[in-house]
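Have a look at the structure below, then the notes.
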Protein chains: 2
Amino acid sequence: MFTLQRGGMTLSALDEQMLDPGVKGLPITEPLRQGAIGVQGWNVLRADTSLPVAVLKTSSLQHNLAWMRDFCERYGATLAPHGKTTMSPQLFGAQLANGAWGITLATAVQVQVAHRFGVRRVLLANQLVARADINSVLQLLRGDPDFELVALVDSLAGVARLGEAVAALPLAHPLPLLVELGLPGKRAGCRSADEVMAVARAVATTPGLRLAGIEGYEGLLVSNDPEADVRAVETFVGRIAQLARDADAEGLFDGAEILVSAGGSAYFDLVARGFNGMRGLSRPVRPVLRSGCYLTSDHGSYQRLIGKLDEREARGAGLLPALEVWSMVQSRPEPQLAILTMGKRDASYDVDLPVPLFTHRPGPGAPTALPQGCSIVKMNDQHAYLQLPDGSPLSDSLLVGDLVGCGISHPCTTFDKWPLMLAVDDAYNVRHALNTFF
Amino acid sequence: MFTLQRGGMTLSALDEQMLDPGVKGLPITEPLRQGAIGVQGWNVLRADTSLPVAVLKTSSLQHNLAWMRDFCERYGATLAPHGKTTMSPQLFGAQLANGAWGITLATAVQVQVAHRFGVRRVLLANQLVARADINSVLQLLRGDPDFELVALVDSLAGVARLGEAVAALPLAHPLPLLVELGLPGKRAGCRSADEVMAVARAVATTPGLRLAGIEGYEGLLVSNDPEADVRAVETFVGRIAQLARDADAEGLFDGAEILVSAGGSAYFDLVARGFNGMRGLSRPVRPVLRSGCYLTSDHGSYQRLIGKLDEREARGAGLLPALEVWSMVQSRPEPQLAILTMGKRDASYDVDLPVPLFTHRPGPGAPTALPQGCSIVKMNDQHAYLQLPDGSPLSDSLLVGDLVGCGISHPCTTFDKWPLMLAVDDAYNVRHALNTFF
């Protein structure tokens with residue numbers, strides 16, 4: 001499962017590397033070859049690892065990979081999952097091996113990482129502006145003309161910068177660009193159709209650049225009114241589709257196909273439906289979804305958002321949470337308080353604090369689900385405060401040295417805290433390691 | 001300045017390593033020897049680097065190192081700065097070369113990193129509980145009997161775990177431990193003097209362990225009433241001192257000296273004063289301060305807290321902010337909104353959002369201070385939203401491609417986002433690189 005579809009030669013270098021003691025989660029006292037991690041016989045529930053440890057459940061990953069492949073096939077959508085979520089070459093490989101068309105990335109440096117590990121097609125979902133970053137992307141393309149990269153623009157200034165750069169460092173093929181449609185008060189992107197068309201015309205007429213499609217990011221449309229959000233997303237996706245038609249009517253596109261792209265991890269069903277069956281343009285339309293968080297989902301905000309997506313899809317079991325952070329009770333200083341050996345360095349805290357799921361006294365057997373009312377109420381850099389419900393038997397039974405397994409909310413801000421994560425089977429046996437590059 | 005006081009042989013290995021393209025901040029398209037970074041002629045204000053980039057101002061670091069050395073000398077205090085703040089071997093080296101007695105750390109994995117890079121004395125400011133983590137620390141001590149490590153305990157369960165471990169893996173010297181005094185509703189640590197004394201007696205009577213001192217962490221005493229906080233800290237420090245006297249009166253300490261330790265980065269003056277001149281015990285008392293954030297300070301919460309410390313000390317210029325994150329204006333989609341190429345992956349957001357300080361159009365000259373009213377109002381994973389004041393000339397003059405320099409609030413949660421930071425002089429010339437190991 002965890003092999004790159006093509007060009008996977010460099011992944012094996014990760015398994016060959018020697019890991020020094022001092023990597024979070026690893027219980028090693030001597031250097032260890034990464035590829036040997038799976039044969040150490042470590043089990044998280046026996047507390048064989050260093051703690052805290054971040055684990056990815058391979059059965060959930062496999063379920064989510066298959067689920068998303070089926071989903072895209074059903075809607076005729078193309079998947080370029082956002083790689084900034086995990087920045088893990090092994091997970092990029094698994095996504096590509098499960099039908100992904102390419103990997104979406106956020107920065108030039110992320111593109112360099114992905115290229116180094118064999119990714120062959122990237123959607124860079126940002127406008128490049130810094131000279132050094134434009135330069136590094138152009139040098140990649142000049143040194144490897146078969147590497148495919150499409151980037152965003154949202155201003156005439158942005159087009160001009162790229163135009164000057166490709167004039168100075170010519171490419172074998174024109175650089176394909178998507179014009180970004182934005183939303184008032186939200187992030188980047190043109191605010192009006194007129195602006196989009198003006199930028200599209202500038203791309204089409206700048207030597208060395210070509211207009212490849214229209215793009216937007218609907219994921220910021222999260223308010224307290226989910227039904228209004230759904231309507232707003234549908235409207236936004238419709239505007240992207242119409243802009244593609246308008247630009248096509250003006251003959252601005254170049255290349256074999258037209259890309260239309262949107263789709264974070266909350267509404268990709270609406271995006272897929274909105275772009276489904278676009279026909280009658282001068283060339284085939286490829287709808288590209290960019291969800292990054294589908295791969296692991298979570299036990300917080302994405303679980304809630306994807307739960308609503310599941311309701312809309314009405315096709316039964318949806319995406320499964322795959323990422324957990326396990327730590328240990330370090331102190332039990334008060335009856336209702338347990339201090340855990342994990343903190344802001346180990347688990348997301350930007351959307352919600354971690355969600356305590358299980359406890360387990362190290363040894364054989366399955367972990368015990370924590371009762372309702374247990375919650376992480378605070379985190380410091382290296383500590384979490386687990387509050388136990390009033391009158392719970394846990395205030396007697398939860399001891400220093402017990403394991404606590406937590407789910408997280410927002411995978412992106414947990415992945416970036418772990419240079420190495422451990423992939424586990426359903427019994428929490430450690431099967432192999434996954435690297436991240438942040 | 002950036003050399004380890006002793007045992008610095010391994011730092012040079014960092015300068016010898018080859019860095020691949022794909023490291024945040026580095027504008028490289030080919031592998032580069034880390035030690036050659038300082039001779040590339042890069043300047044941040046010319047936008048020579050990849051963006052975002054995290055920079056440390058060496059003049060401010062040097063000022064802060066000297067300031068803290070003088071401070072500790074004045075109060076007869078010993079400094080074991082908390083290394084979890086930076087996790088940077090080069091900065092550990094600078095701290096040790098400027099009078100630090102050792103490095104404080106939070107986890108066994110952090111101890112492994114520090115030991116690997118030549119740190120010879122560690123205060124592990126946590127109770128070790130996981131078997132793998134206890135084991136890795138004991139193995140370090142067994143393999144290198146001159147390496148000094150003192151750790152915390154706050155429960156009989158914790159003492160028992162360590163006692164069993166050293167019975168199984170005997171050390172050349174008894175493992176020195178500090179008993180932690182805590183605070184009601186706060187983090188780890190015994191809640192009462194009786195508990196402290198019970199744990200201290202258990203340490204003193206467990207073979208292979210020895211009682212080395214008493215410890216607490218006052219840094220959580222931050223409320224809306226700063227004067228009450230000061231009184232609470234003074235009381236807390238007094239309790240630690242009294243517990244050291246009580247334990248000494250019972251003859252529980254072993255070793256050449258008695259350690260008393262407290263001192264985050266907000267109140268270390270009160271701690272130094274509180275422990276100053278402790279005499280009349282059975283052996284010399286060594287007060288150990290553990291501030292980690294003094295080294296870089298910040299433009300947010302620590303600047304405010306240290307400002308109050310400066311008022312109490314009344315000795316003029318205090319600690320200077322040394323850490324900035326520079327990014328570029330990527331989009332100007334609305335007159336009052338600039339989208340910057342940095343986000344939650346690049347700068348702290350747990351206490352305050354980053355503080356915009358400067359803007360600069362890439363090229364020669366000094367940066368321009370941003371006017372009052374500019375603020376970062378939101379961050380996504382890879383973007384920041386800079387809001388410009390109503391009617392500011394900036395709404396016309398700030399353009400796509402302009403640089404923006406931000407200060408941060410809470411150094412710990414910015415350091416952990418950068419595997420490599422660039423040290424710059426006052427003109428933002430890049431002088432060398434600093435590694436972090438999170």
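The values are calculated or read from the model by the stated rules, or taken from the named source; none is laboratory data. Remember, predicted model here, so these are calculated numbers, not experimental data. Neighbour counts are summed over all protein chains in view; Cβ atoms, including those assigned to glycine, are modelled from backbone coordinates with ideal geometry. Quick note on the areas: whole protein, heavy atoms, side chains included, nothing else; ligands and nucleic acids left out. Shrake-Rupley method; radii C 1.70, N 1.55, O 1.52, S 1.80 Å.
For the subset of segment B:332-377 comprising residues that are of a type in the set (Ser, Thr, Tyr) and more than 24 Å from A:Asp133 (Cα to Cα), which member is nearest to the other protein chains (Cβ to nearest Cβ)?
Restricting to residues being of a type in the set (Ser, Thr, Tyr) and more than 24 Å from A:Asp133 (Cα to Cα), the top hit is B:Tyr349.
As an exercise: evaluate B:Ile408 against (1) at pLDDT below 95; (2) open to solvent by less than 30 Å² (accessible area, probe 1.4 Å) and give the number of the one condition it does not meet.
(1)
Out of A:Asp346, A:Asp254, I need the residue that is touching a helix residue (DSSP H, G or I) at 6+ places or on another chain (Cβ under 9 Å), acidic (Asp, Glu), over 30 Å from A:Arg231 (Cα atoms) and surrounded by fewer than 24 Cβ atoms within 10 Å (Cβ to Cβ). Which one?
The unique qualifying residue is A:Asp254.
Return yes or no: is A:Glu16 under 29 Å from B:Phe117 (Cβ atoms) and modelled with pLDDT under 95?
Working: under 29 Å from B:Phe117 (Cβ atoms): yes; modelled with pLDDT under 95: yes.
The answer is yes for A:Glu16.
(1) hydrophobic (A, V, I, L, M, F, W, C); (2) within 14 Å of another protein chain (Cβ to nearest Cβ); (3) open to solvent by less than 10 Å² (accessible area, probe 1.4 Å): which one isn't true of B:Val203, the others all being true?
Unmet condition: (2).
Scan segment A:6-13 and give yes if some residue there is of a type outside the set (Gly, Ala, Ser) and either in contact with a strand residue (DSSP E or B) (Cβ under 7 Å, 6 or more places away or on another chain) or part of a loop (DSSP other than H, G, I, E, B) (or both), otherwise no.
yes
Collect the residues in segment B:279-315 that are more than 20 Å from B:Arg231 (Cβ to Cβ) and open to solvent by 20 Å² or more (accessible area, probe 1.4 Å), keeping them in residue-number order.
Those that are more than 20 Å from B:Arg231 (Cβ to Cβ) and open to solvent by 20 Å² or more (accessible area, probe 1.4 Å): B:Arg279, B:Gly280, B:Leu281, B:Ser282, B:Arg283, B:Pro284, B:Val285, B:Arg286, B:His299, B:Tyr302, B:Gln303, B:Arg315.
Please specify each residue of segment B:337-375 satisfying the condition of being closer than 20 Å to A:Thr107 by Cα, under 25 Å from the mean Cα position of the chain (by Cα) and of a type in the set (A, V, I, L, M).
Correct list: B:Met342, B:Ala347.
Here is a yes/no grid of residues against (1) under 25 Å from B:Leu319 (Cβ atoms); (2) acidic (Asp, Glu); (3) open to solvent by less than 10 Å² (accessible area, probe 1.4 Å):
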{"site": "B:Leu178", "(1), (2), (3)": "no, no, yes"}
{"site": "B:Gly182", "(1), (2), (3)": "no, no, yes"}
{"site": "B:Ser192", "(1), (2), (3)": "no, no, no"}
{"site": "B:Val271", "(1), (2), (3)": "yes, no, yes"}
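Has segment A:61-82 got at least one residue that is of a type in the set (Gly, Ala, Ser) and within 14 Å of chain B (Cβ to nearest Cβ)?
Within segment A:61-82, none of the residues are of a type in the set (Gly, Ala, Ser) and within 14 Å of chain B (Cβ to nearest Cβ).
Looking only at segment A:300-332, which residues are among the charged types (D, E, K, R), part of a helix (DSSP H, G or I) and touching a Gly at 6+ places or on another chain (Cβ under 7 Å)?
A:Asp310
Are there helices (runs of 4 or more DSSP H) fully within segment B:75-172 with at least 2 residues that are open to solvent by less than 10 Å² (accessible area, probe 1.4 Å) and closer than 19 Å to B:Ala200 by Cβ? List them.
B:156-168
Taking the stated definitions as given, is B:Arg245 open to solvent by 10 Å² or more (accessible area, probe 1.4 Å), touching a His at 6+ places or on another chain (Cβ under 9 Å) and farther than 27 Å from A:Pro335 by Cα?
Criteria not met by B:Arg245.
From the list A:Pro89, A:Pro145, A:Pro170, A:Pro176, which one is within 14 Å of chain B (Cβ to nearest Cβ) and either closer than 24 Å to A:Asp254 by Cβ or in contact (Cβ under 8 Å) with a residue 40 or more places away in the chain (or both)? Before the answer, list the steps.
Details: A:Pro145 fails: within 14 Å of chain B (Cβ to nearest Cβ); A:Pro170 fails: within 14 Å of chain B (Cβ to nearest Cβ); A:Pro176 fails: within 14 Å of chain B (Cβ to nearest Cβ).
Among A:Pro89, A:Pro145, A:Pro170, A:Pro176, only A:Pro89 is within 14 Å of chain B (Cβ to nearest Cβ) and either closer than 24 Å to A:Asp254 by Cβ or in contact (Cβ under 8 Å) with a residue 40 or more places away in the chain (or both).
Taking the criterion of being of a type in the set (Ser, Thr, Tyr) and within 24 Å of A:Asn43 (Cβ to Cβ), would at least one residue in segment B:136-157 satisfy it?
yes
Just to check your reading of the model, which residue among A:Asp352, A:Asp346 is acidic (Asp, Glu), under 24 Å from B:Leu152 (Cα atoms) and in contact (Cβ under 8 Å) with a residue 24 or more places away in the chain?
The match here is A:Asp346.
Can you report the number of residues in segment A:14-55 which are without any contact (Cβ under 8 Å) to a residue 24 or more places away in the chain, aliphatic (A, V, I, L, M) and at the interface with chain B (Cβ under 9 Å from one of its Cβ atoms)?
So the count comes out to 1.
Under 6 Å between Cβ atoms, which residue pairs at least 6 apart in sequence (or on different chains) link something in segment A:190-211 that is at pLDDT 95 or above with a partner that is of a type in the set (D, E, K, R)?
A:Cys190/A:Asp154; A:Arg210/A:Asp254
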